[in-house]
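Structure record follows, encoded as structure tokens.
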Amino acid sequence: MAKIRFLGHAAFYVEGKGLKGLIDPFLKDNPQSVAYPEDFTDINYIFVTHGHADHLGDAITIAKSTGATIVSCFEIANYCSSFGVSVHPMHIGGRTKFEFGRVKMTPAVHGSGIATGDGVIYGGNPGGFIIEVDGRRLYHAGDTGLIMDMKLLADEGIDVALLPIGGNFVMDIEDAVKATDFIKPKIVVPMHYNTWPIIEADPKEFEKQVRALPVKCKIMQPGDELNF
Ligand code: NI
Ligand code: MN
């Protein structure tokens, strides 16, 4: 059985045989955060969907302190490796085998610039991840609008899909319900909402609309865990 813990916004801890991982570990500056970077001492992989600060977050700090490998697109992996941390570069559509299971990078429609004190660095294409662990499949969409490519994910047998619902920068509830219908996961978990007023959304409204589909909606509060 695999396990996720919601850390607020789009940040998740994921655990299963051979994997103690973090996805988009935006913790220190995350208004919803229930954890600090230093709380994580035993992490082997950190998945980064794109270069925006609310996703790249504390990835480099945690990779430095734990020795974890950052898995991201080629451009972000290159950027991170300039800080001396271990990286595994991938790219959209690529799938590869890790000791815990396979990982595929999926498309997202969004931006990925890395804001630094010296201006914005090109962060490649934004993406999402399908992470296999303990024979289960977890999909983290990253930041994205609704895309037809999500229909292809119905063939992936997704157990849990983590989808943004906050609108403005990403899908709103209406589009996230369509995405849920495209992807057909067993369980859908809304994310990337209510962190700031600009991405306000009611997860109960999302849950209500998902009821029309053969998909279970699980609203997670920061700190909540889900076994799947
Ligand atoms: Ni973003
Ligand atoms: Mn974001």
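Number of residues in the range 11-63 that are within 16 Å of ligand 2 (Cβ to nearest atom), without any contact (Cβ under 8 Å) to a residue 40 or more places away in the chain, more than 20 Å from Ile92 (Cβ to Cβ) and buried (at least 21 other Cβ atoms within 10 Å of the Cβ) equals 4.
Restricting the range 148-169 to residues that are within 16 Å of ligand 2 (Cβ to nearest atom) and hydrophobic (A, V, I, L, M, F, W, C) leaves a set whose member that is farthest from Asp181 (Cα to Cα) is Phe169. When we screen Ala201, Ala176 for residues that are touching a helix residue (DSSP H, G or I) at 6+ places or on another chain (Cβ under 7 Å), closer than 16 Å to Gly128 by Cβ, away from ligand 1 (no atom under 15 Å from the Cβ) and at pLDDT 95 or above, the only hit is Ala176.
Residues that are part of a loop (DSSP other than H, G, I, E, B) and in contact (Cβ under 8 Å) with a residue 40 or more places away in the chain within the range 146-160 comprise Ile147, Asp159, listed in sequence order. Can you find even one residue in the range 127-137 that is within 16 Å of ligand 1 (Cβ to nearest atom) and either touching a Cys at 6+ places or on another chain (Cβ under 8 Å) or free of Cβ contacts under 8 Å to residues at least 24 places away in the same chain (or both)? Checking the range 127-137: at least one residue is within 16 Å of ligand 1 (Cβ to nearest atom) and either touching a Cys at 6+ places or on another chain (Cβ under 8 Å) or free of Cβ contacts under 8 Å to residues at least 24 places away in the same chain (or both). Among the residues making up the range 69-115, those that are open to solvent by 30 Å² or more (accessible area, probe 1.4 Å) and of a type in the set (A, V, I, L, M, F, W, C) are Phe74, Phe83, Val87, Ile92, Val109, Ala115.
Determine, yes or no, whether Thr96 is under 27 Å from Met1 (Cβ atoms), among the β-branched types (Val, Ile, Thr) and out of contact with any Gly (no Cβ under 8 Å at 6 or more places or on another chain). Criteria met by Thr96.
Among the residues in the range 137-147, are any under 22 Å from Gly16 (Cβ atoms), more than 16 Å from ligand 2 (Cβ to nearest atom) and open to solvent by less than 10 Å² (accessible area, probe 1.4 Å)? Yes, some residue in the range 137-147 is under 22 Å from Gly16 (Cβ atoms), more than 16 Å from ligand 2 (Cβ to nearest atom) and open to solvent by less than 10 Å² (accessible area, probe 1.4 Å). Screening the candidates Pro197, Pro203 for the property of being closer than 23 Å to Ala11 by Cβ and open to solvent by less than 40 Å² (accessible area, probe 1.4 Å) yields one hit, Pro203.
The values are calculated or read from the model by the stated rules, or taken from the named source; none is laboratory data. As the structure is a computational prediction, the values presented were derived from the model and not from experiment. Cβ: placed from backbone, ideal geometry, glycine included. Neighbour counts: every protein chain shown. The area values use the complete protein model at the heavy-atom level, side chains included, leaving out ligands, DNA and RNA. Shrake-Rupley method; radii C 1.70, N 1.55, O 1.52, S 1.80 Å.
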